[in-house]
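Enquirer: Have a look at this one.
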Amino acid sequence: MNLYVKNIEIKNEYTYFTVVEDEKEYFLKTKLLGKNHISNILAALIVARSLGLSWTMLETLTFSLPQIQHRLELKKENNITILDNGFNSNIEGSKDALEVMKALPGKNKIIITPGFVELGEETLSAHQKFAEHIAKNTDRVILVGKALGMEEALQALNYPQEYLFKVNNLQEAKIKLKEILQVDDVVLFENDLS
C-alpha cells in the first residue's frame, strides 16, 4: 500500500488535503489546523487502511477529530480569532502556527510569545529564524519576558517599531493586547506564557 499526502491547504478554519493511495485521490478535511497535524493523520490513515477501513469511513473520522487543547486550538471570542499554541516549543511548529495564522481570515495578525525558553545555546539562532517567520506573517508582535534576541532580530529585519511591543509577563501582554486589538483580528498565543 502506497499512501501519501499532497495539496495541504488551510481555508475557512479547516485543513484540506488530498491523500493518494495507489494513484487514486481522496479529498479530506479536518478541524486540526496545520501541516504538523497532517503527518499524524497520515500515519493513522495508513494503519486504518491496513485494517480494512473504507475511505468513506476515514473521511468521516478525519473530519470528526477534535481539536487538541493548546495545539493550534482555534477559538472565537467577540469577533476575534484566537489560536492557542501554548504547548509548542520548536521552530518548525512555530513556523507552522504562523502559516496557519496567516491563512485565516482576519484584519491584523498578532502574535504573543516569549520565544523559545529551553534551547540553551541554540536560543539566539532559533530566535533569529523565528523572527524571520514572524516578520513575514504578522502585523503586530507582543514579546513576553526575556525573549532573548527577538526584539533585536525583528528590528534588524525592519519590523515596524510601532507594532513591536515588549512586556514582562502574560498579564501585561493581555493588557497590551486589549489596547491594540480590533474587531476581526487574529491572535496567536505561541509557546507557554505562564
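The values are calculated or read from the model by the stated rules, or taken from the named source; none is laboratory data. Everything quoted here is computed from the prediction, not taken from an experiment. Note that we place each Cβ from the backbone using ideal geometry, even for glycine, and neighbour counts take in every protein chain shown. We work out accessible area using only protein heavy atoms, side chains counted, and drop any ligands, DNA or RNA first. Shrake-Rupley method; radii C 1.70, N 1.55, O 1.52, S 1.80 Å.
Enquirer: Does residue 62 satisfy the condition of being surrounded by 16 or more Cβ atoms within 10 Å (Cβ to Cβ), β-branched (Val, Ile, Thr) and either part of a strand (DSSP E or B) or in contact with a strand residue (DSSP E or B) (Cβ under 8 Å, 6 or more places away or on another chain) (or both)?
Expert: Considered against the rule, which asks whether it is surrounded by 16 or more Cβ atoms within 10 Å (Cβ to Cβ), β-branched (Val, Ile, Thr) and either part of a strand (DSSP E or B) or in contact with a strand residue (DSSP E or B) (Cβ under 8 Å, 6 or more places away or on another chain) (or both), residue 62 comes out as yes.
Enquirer: Okay, next question. Every residue in the range 28-59 that is within 29 Å of residue 187 (Cα to Cα) and not in a loop (DSSP other than H, G, I, E, B), please.
Expert: Listed by number, the residues that qualify are 28, 29, 30, 35, 36, 37, 38, 39, 40, 41, 42.
Enquirer: Let me ask something else. Out of all the residues in the range 106-131, which are free of Cβ contacts under 8 Å to residues at least 60 places away in the same chain and out of contact with any helix residue (DSSP H, G or I) (no Cβ under 8 Å at 6 or more places or on another chain)?
Expert: Step one: of the range 106-131, the residues free of Cβ contacts under 8 Å to residues at least 60 places away in the same chain are 118-131.
Scanning the range 106-131 gives 118, 120, 121, 122, 123, 124, 125.
Enquirer: Let me ask another. Among the numbered criteria (1) in contact with an Asp or Glu (Cβ under 7 Å, 6 or more places away or on another chain); (2) over 30 Å from residue 150 (Cα atoms), which single criterion is violated by residue 70?
Expert: It is condition (2) that residue 70 fails.
Enquirer: In the range 23-44, is there at least one residue being closer than 23 Å to residue 135 by Cα, without any contact (Cβ under 8 Å) to a residue 60 or more places away in the chain and among the charged types (D, E, K, R)? Before you say what the answer is, go through the steps one by one.
Expert: Of the residues in the range 23-44, the ones closer than 23 Å to residue 135 by Cα are 33-36.
Now narrow it down to the ones that are without any contact (Cβ under 8 Å) to a residue 60 or more places away in the chain: none.
The answer is no; no qualifying residue exists.
Enquirer: From the residues in the range 141-194 that are open to solvent by 20 Å² or more (accessible area, probe 1.4 Å) and assigned to a strand (DSSP E or B), which one is farthest from residue 104 (Cα to Cα)?
Expert: In this case the residue turns out to be 166.
Enquirer: Could you list all residues from the range 143-194 that are of a type in the set (S, T, N, Q) and touching a residue at least 24 places away in the same chain (Cβ under 8 Å)? Reasoning before the result, please.
Expert: Here is the first cut: in the range 143-194, the residues of a type in the set (S, T, N, Q) are 155, 158, 161, 168-169, 171, 182, 191, 194.
Within the range 143-194, 168, 169, 182, 191, 194 meet the criteria.
Enquirer: Any idea which residue in the range 1-17 is most open to solvent (accessible area, probe 1.4 Å), counting only those that are assigned to a loop (DSSP other than H, G, I, E, B) and farther than 23 Å from residue 95 by Cα?
Expert: So in the range 1-17, the residues assigned to a loop (DSSP other than H, G, I, E, B) come out as 1-2, 12-13.
With the extra rule that they be farther than 23 Å from residue 95 by Cα, the set shrinks to 1-2.
On the way: 1: 129, 2: 90 Å².
The extreme case among them is 1.
Enquirer: Looking only at residues in the range 114-140 that are at pLDDT 95 or above and not in a helix (DSSP H, G or I), which one is surrounded by the fewest Cβ atoms within 10 Å (Cβ to Cβ)?
Expert: Ranking the candidates gives 139 first.
Enquirer: Let me ask another. Just a yes or no: is a residue in the range 18-40 more than 19 Å from residue 95 (Cα to Cα), surrounded by fewer than 17 Cβ atoms within 10 Å (Cβ to Cβ) and of a type in the set (Gly, Ala, Ser)?
Expert: Within the range 18-40 (the criterion being more than 19 Å from residue 95 (Cα to Cα), surrounded by fewer than 17 Cβ atoms within 10 Å (Cβ to Cβ) and of a type in the set (Gly, Ala, Ser)), the answer is no, since none of the residues qualifies.
Enquirer: State which residue pairs qualify: first residue farther than 18 Å from residue 69 by Cβ and inside the range 83-94, second residue of a type in the set (Lys, Arg) and surrounded by fewer than 17 Cβ atoms within 10 Å (Cβ to Cβ) in any location, beta carbons under 6 Å apart, and separation of 6 or more residues or different chains.
Expert: Matching pairs, first to second residue: 91/129.
Enquirer: Quick one: count up the residues across the range 80-95 that are of a type outside the set (A, V, I, L, M), at pLDDT below 90, open to solvent by 20 Å² or more (accessible area, probe 1.4 Å) and in a helix (DSSP H, G or I).
Expert: 1
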